[in-house]
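Take a look at the structure set out below.
The values are calculated or read from the model by the stated rules, or taken from the named source; none is laboratory data. Please read all numbers here as calculations on a predicted model, not as lab measurements. Counting neighbours? That spans all protein chains shown, and the Cβs are built from the backbone with ideal geometry, glycine included.
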Amino acid sequence: MVKVIADCTGCLHIRHPYEMGGLAFSLSMVWAQAFPFVALQFVEESDMTTKDAITLFLIGSFSVWLILNVAFFYIIDISYLGTFFGTQTAPQYTCEYFATSTQDYQWWAAVFSNWLSYTKSIHDDVKVWLAANIDRWKDEKPDWFNIELISDEFLPAAVIEAEGGKYRRQSSGFMREIIGGSDKVHPAPQ
């Protein structure tokens, strides 16, 4: 579904690792421009006027697309150029976001606003980080903190018992436990 949206709209946000990824997005954009010319070769030659009109339309459309892309890449911040050709996956991006964050709310967003499977390689780091900070967060109650979003596997045993033991309330719900997801918006680097 995301590829169809990318092909039809060229929405630049779809190059994010949580969607198509940079390289797949760029290849999809080139494919979307080339494929109409390939499809045109299958038009029967009995109606050459129509085929010529379609060819002119496609050349015009491609020319406008090319000019707008050149202008776009000329005016953007050059540091974003790599995002159009990157091969970073969603789990890699999530772990990098966790590793490069500097604030608790950013670490929280990296781990608990994404699929738990994305953070599998850093689960031990998450456990250490939670154990070191959870008592402070329970006292301070920051807006982003919700202990119900934390799976029991990350919490120290004493915290699980204080929250009601194995019957503690978790807002993640049955489906989240099955698929390991979240209904939160993807975090953006700060």
note = Of all helices (runs of 4 or more DSSP H) fully inside the range 1-94, the set with 1 or more residues that are within 16 Å of the chain's Cα centre (by Cα) is 2-9, 22-40
request  = Might you let me know whether the range 140-150 holds any residue that is surrounded by 13 or more Cβ atoms within 10 Å (Cβ to Cβ) and without any contact (Cβ under 8 Å) to a residue 12 or more places away in the chain?
outcome  = no
remark   = Scanning the range 70-92 residue by residue, the ones that are in contact (Cβ under 8 Å) with a residue 40 or more places away in the chain and surrounded by 12 or more Cβ atoms within 10 Å (Cβ to Cβ) total 8
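Can you tell me which of R176, R136 is assigned to a helix (DSSP H, G or I), out of contact with any helix residue (DSSP H, G or I) (no Cβ under 7 Å at 6 or more places or on another chain) and modelled with pLDDT of 85 or more? Before you say what the answer is, go through the steps one by one.
Working: R176 fails: modelled with pLDDT of 85 or more.
Step by step, each of R176, R136 is checked, and only R136 is assigned to a helix (DSSP H, G or I), out of contact with any helix residue (DSSP H, G or I) (no Cβ under 7 Å at 6 or more places or on another chain) and modelled with pLDDT of 85 or more.
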inquiry  = Looking at (1) crowded, with 17+ Cβ neighbours inside 10 Å; (2) under 30 Å from N133 (Cβ atoms), which one does G21 not meet, given that it meets all the others?
reply    = (2)
key: Only one of S121, S113, S79 that is of a type in the set (S, T, N, Q) and not assigned by TED's automatic domain parsing to the domain that holds D152   = S79
